[in-house]
Amino acid sequence: MRNVIIIGSGCAGNTAAIYTARANLKPLVIAGHEPGGQLSITSEVENFPGFPQGINGPDLVENMKKQAERFGAEYVYGTVERAEFHHRPFRLIVDEEPIEARTIIIASGASARWLGLVNEQKLIGRGVSSCATCDGAFYKDRKVMVVGGGDSAMEEANFLTRFASGVTLVHRRPQFRASKIMLDRARNNAKIRFVNNTVVEDVYDVTKNEVTGVRLRNVETGSAKDHEVDGLFVAIGHIPNTQPFRGQIDLDHDGYIISHGGARTNIPGVFHAGDVQDRVYRQAVTASGMGCMAAIEAERFLEAEGH
Ligand code: NAP
């Protein structure tokens, strides 16, 4: 029986682990299918406070993990297949093994939705990104492309014009899902060029280990052409990693955890932290902040129950 099980090992999970370990709760962290979370697929992180020269994303999460381990946090490399939250103690099935806990912190994150191209996957962190806030500053005076037709795509395209010499926004349909205000803002930005009815079919150049261009196909005419870019930002939505918790806690229509204030879910003793609940900020520092909140709430919950 564990005092605390933390599901996920990104910024939120690792910060929750540091705090609960320092509170002597001996947390168990289940690292999940993307250990290290979104930072593990980022290159340089320049906006996490405390690193004036920036820090490599994978190094930052690894440092957090070591920090948590120093205080007694234990990590296992498994995936939660099922959760049972309707009875206490809570029970998780991890790689077919049941584990029980008095409190749970869900920090399983949201995975960026990708186009699903082989070369796109190989170039993630090397010119292919899902986060303009994280990587935009690397594209000063360079040409970038944003894919998507929702608010995220508009926001990312606008943000990228602060750095890039030009932004090409590629969307597969003539109509946009984005809200009018976001769309108008992008349309009024002279640095953004819209290319509709078009999909990205391939990304170059894996042999150079950087993005040099993409292959575009017009879905109406069927014609294809190459287009030179230095960065490809895929902004086609996120998928919260809440599949194992369906039917166990309150989720919204997109599968994000519904917060009941602070880090609380609708089940007392089950807490949330990071992108699994946050569809707005999605930053390393906000996820860490929420991990801290969840840890303090779990600590107080256990204390109130006399553990
Ligand atoms: P979204 O609204 O679901 O839009 C996703 C976009 O990606 C759609 O245009 C979709 O095309 C396109 N897409 C999906 N799969 C694709 C694929 N395989 N290939 C090419 N294109 C693909 O997602 P989002 O923009 O991330 O927004 C999510 C939520 O957050 C929304 O509720 C949004 O309003 C909110 N949000 C708000 C703000 C803000 O207000 N500041 C900023 C960001 C996000 P189709 O349209 O053809 O389906």
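Values quoted throughout were computed directly from the atomic coordinates according to the rules given, and no laboratory measurement underlies them. Every value quoted in this text rests on a predicted model; they were computed, and no experiment measured them. A quick note on method: Cβ atoms are made from the backbone with ideal geometry, for glycine too, and the neighbour counts reach across all protein chains shown.
In this structure, the pairs whose alpha-carbon distance is over 30 Å, taken from 122/191; 140/208; 26/122, are 26/122. Taken as Cα centroids, the stretch 210-265 and the stretch 1-23 sit 26 Å apart, rounded to the nearest whole angstrom. Membrane-span-like helices in the chain, defined purely by DSSP H runs whose alpha carbon atoms cover 27 Å or more axially and whose average Kyte-Doolittle hydropathy reaches 0.0, are 284-304.
When each pair of different Cα atoms in the stretch 50-133 is counted once in the 1/r mean, what is the Kirkwood radius in angstroms, to one decimal? Don't jump to the answer; show the numbers that get you there.
On the way: mean 1/r = 0.0605 Å⁻¹.
Radius from the Kirkwood sum: 16.5 Å.
Packing here is the average count of other Cβ atoms within 10 Å per residue, and on that basis the peptides 16-23, 126-133, 63-70, highest first, run 16-23, 126-133, 63-70. Each 10 Å bin from zero holds the following percent of Cα-Cα pairs in the chain: 6, 26, 30, 21, 13, 3, 0. Farthest toward the positive end of the dipole of the chain, out of 94, 9, 238, is the Cα of 238, where the dipole comes from beta carbon charges about the Cα centre.
Taken about its Cα centre, the chain carries a charge dipole of roughly 660 debye when the Cβ of each Lys and Arg holds +1 and the Cβ of each Asp and Glu holds -1.
For the chain, the mean residue ellipticity at 222 nm estimated from helices alone is -7000 deg cm²/dmol, where every DSSP H run of n ≥ 4 contributes -39500 (n - 2.57) and the total is divided by all residues, rounded to the nearest 500.
By the rule of a second cysteine Cβ within less than 4.7 angstrom, the chain holds isolated cysteines at 11, 292.
The spacing between the stretch 154-190 and the stretch 58-102, judged by their C-alpha centroids, is 40 Å.
Is the stretch 178-307 best put as rounded, prolate or oblate by its Cα gyration tensor, with a ≥ b ≥ c the root eigenvalues, rounded for a/c under 1.5, and otherwise prolate when a/b is larger than b/c, oblate when not? Working shown, then result.
Numbers: a/c = 2.77, a/b = 2.48, b/c = 1.12.
Note, shape of the stretch 178-307 comes out prolate.
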